[in-house]
Amino acid sequence: MSASSWLRYQLMVNGLGLAALRWQRWQAERRVGGPSRWKDEYLAPPLKIAPRNKELVARHWLQGRYANGYRKVAWVTSGAPAELLKALDFYVLYPENHAAICGTARLAVDIASEAENAGYSRDICSYARTDFGTVLSGKTPVGKLPKPDLLLTCTNICQTVLQWYRVLAHYFKVPLILIDTPFVYYAEAPDHAVEFVKRQLDEAVPVAEQVAGKSLEERKLKEVARLSKRASELWLEIMERNRHRPAPISVFDEFIQMAPIVEMRGDAVTVDFYAALLKEVDERIARRIGAVKQERKRLLWDNLPIWYRLRYLAESLGEHGIAIVASTYTNAWGELAPLIDPERPLESAARTSIYPILNRGTGHKLATMKCMIEDYGLDGVILHSDRSCKPYSVGQIDQRDRLIHDCGVPALLLEADHNDFRCFSEEQVANRLAAFVEMLE
Ligand code: SF4
């Protein structure tokens, strides 16, 4: 690392950047904590912790902006075992998270168009197109993305990521580590499948060490795994608090508050953040504050969020007293917590890499949804049929029919795309939601 890179990082990230973000947070907290100007008739005010989350996420992207030359950078997929890279002090960047930020800011279509103009098909996942668009044009709401020194992808969420990261490796001319996870057809993955992934992780270590320019310390890896486990446990506890009536937070809150568990898993600040969020959620329960003020009906959400319409959906349902209180998507970042064993970090990384919901059969997702309907006392289900995410959407028509038949709850298939608002028909969605609300009555 050069002296100028070090100085630039300290000044822009730990000096000026930190001060500016603290100031913004302080101002936002004063607004949240001051006399309530919240006028929404149907929804609770934002969580008090929201400014802290915003600061945490902004700081993460600021660190990335100045990372090149200061520390090594790895781009990874959301289901990849990133703890290994954290323990080697990589700055870990999740292009899917960056794309979600672009989606929430309604910039994804403009950015993805850069990729489409370069020849990438609109049939490719909109996260990948958003990422390619940023790489090709430099457009991003977070300032600047650092170039990767290493890429890590894992096929446990889809096969798109395999092609996506091959394109990135070719473009940036950096090593690509691919972790291939056998699909889990039954309740338990066979031992040889876990061993197969573990061997790939063993082989990945020297590649990552070479790029990092240092050796992996077992003590450090265990500590990162311990922090990952603790943050995942807290996240799971937070979601499970929604078994209370009224639900203290909605799934729309969860979609926003889940950013640290995805992109800062393994950091101590993430554990502190979720401990504080849990405390606030418990305060809401004690004061009987519901995310929807007059909660009458409770729903399950399946698949990715529709990032550019979170507010619209929360309000459209909230005015009818309908709260979405559980989701298979946010659950995916908590349900594997029990599998993390900090004392055997690589073996448990192999195990947790195999079990994500997208690496299992559609029957498993159906069973998960049925359990959630029971556990959270739900009255219906919205299945977002996501044009981009084929592996998450496959089987949803059958799942909808089975939920209606087996659980006796109404279920709605809502066609959209998580990032590409050209696939979202306002009128059609409004009509379908109105009809669904009537069915719930
Ligand atoms: S296809 Fe689905 S799982 Fe794959 S990158 Fe896109 S959103 Fe993620």
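The values are calculated or read from the model by the stated rules, or taken from the named source; none is laboratory data. Computed from a predicted structure; not experimentally measured. Counting neighbours? That spans all protein chains shown, and the Cβs are built from the backbone with ideal geometry, glycine included. Remember, those area values only see protein heavy atoms, side chains included, never the ligands or the DNA or RNA. Shrake-Rupley method; radii C 1.70, N 1.55, O 1.52, S 1.80 Å.
I want the local charge near D272. Using Cβ-Cβ distances under 12 Å, sum +1 for each Lys or Arg and -1 for each Asp or Glu among the other residues. Value of the local net charge: +2.
If the limit is 25 Å between Cα atoms, which of K72/K220; K229/K365; K54/K390 go over it? All intermediate terms of the calculation are to be shown ahead of the outcome.
Details: K72/K220 17 Å; K229/K365 23 Å; K54/K390 30 Å.
Too far apart for the 25 Å limit: K54/K390.
Think of the range 114-219 as a dipole: +1 on every Lys or Arg Cβ, -1 on every Asp or Glu Cβ, centred on the Cα centre; then among A212, A118, V167, A118 lies furthest on the positive end. In the chain, helices alone account for a calculated mean residue ellipticity at 222 nm of -15500 deg cm²/dmol, with every DSSP H run of four or more residues adding -39,500 (n - 2.57).
Can you tell me the accessible area per residue over the range 235-297, all protein chains present, probe 1.4 angstrom, in square angstrom? Display every interim value, and only then the final one.
Values: 2470 Å² over 63 residues.
Per-residue value: 39 Å².
Taking N as the residue count of the chain, its C-alpha radius of gyration divided by 2.2 N^0.38 Å amounts to 0.96. Sorted largest first, the spans of the alpha carbon positions of the range 154-273 along the three principal axes are 50, 35, 34 Å. Rolling a 1.4 Å probe across the protein heavy atoms gives the range 41-180 an accessible surface of 36 Å² per residue. In a reduced charge model with +1 at each Lys and Arg Cβ and -1 at each Asp and Glu Cβ, the range 369-441 shows a dipole moment near 260 debye about its Cα centre.
Can you give me the Kirkwood hydrodynamic radius for the range 126-208, using every pair of distinct Cα atoms, in Å to one decimal?
Details: mean 1/r = 0.0687 Å⁻¹.
Result for the range 126-208 stands at 14.6 Å.
What accessible area per residue comes out for the range 401-441, rounded to a whole number of Å², with a 1.4 Å probe? Provide the component values of the computation, followed by the final result.
Working: 2110 Å² over 41 residues.
I get 52 Å² per residue for the range 401-441.
A viscosity of 1.567 mPa s and a temperature of 4 °C, combined with the Kirkwood radius over C-alpha pairs in the Stokes-Einstein formula, give the range 371-441 a diffusion coefficient of 100 µm²/s.
Quantify how much of the Cα-Cα distance distribution of the range 322-441 extends past 18 Å, in percent.
Numbers: 4173 of 7140 pairs.
Looking at the range 322-441, the distances longer than 18 Å represent 58 percent of pairs.
The accessible surface of the chain, taken with every protein chain in place and a 1.4 Å probe, is 53 percent carbon and sulfur. The Cα center of the range 3-18 and the Cα center of the range 217-249 differ in position by 31 Å.
Using a cut-off of 23 Å between Cα atoms, the listed pairs K147/K198; K173/K214; K198/K370; K86/K147 include K147/K198; K198/K370 as exceeding that distance.
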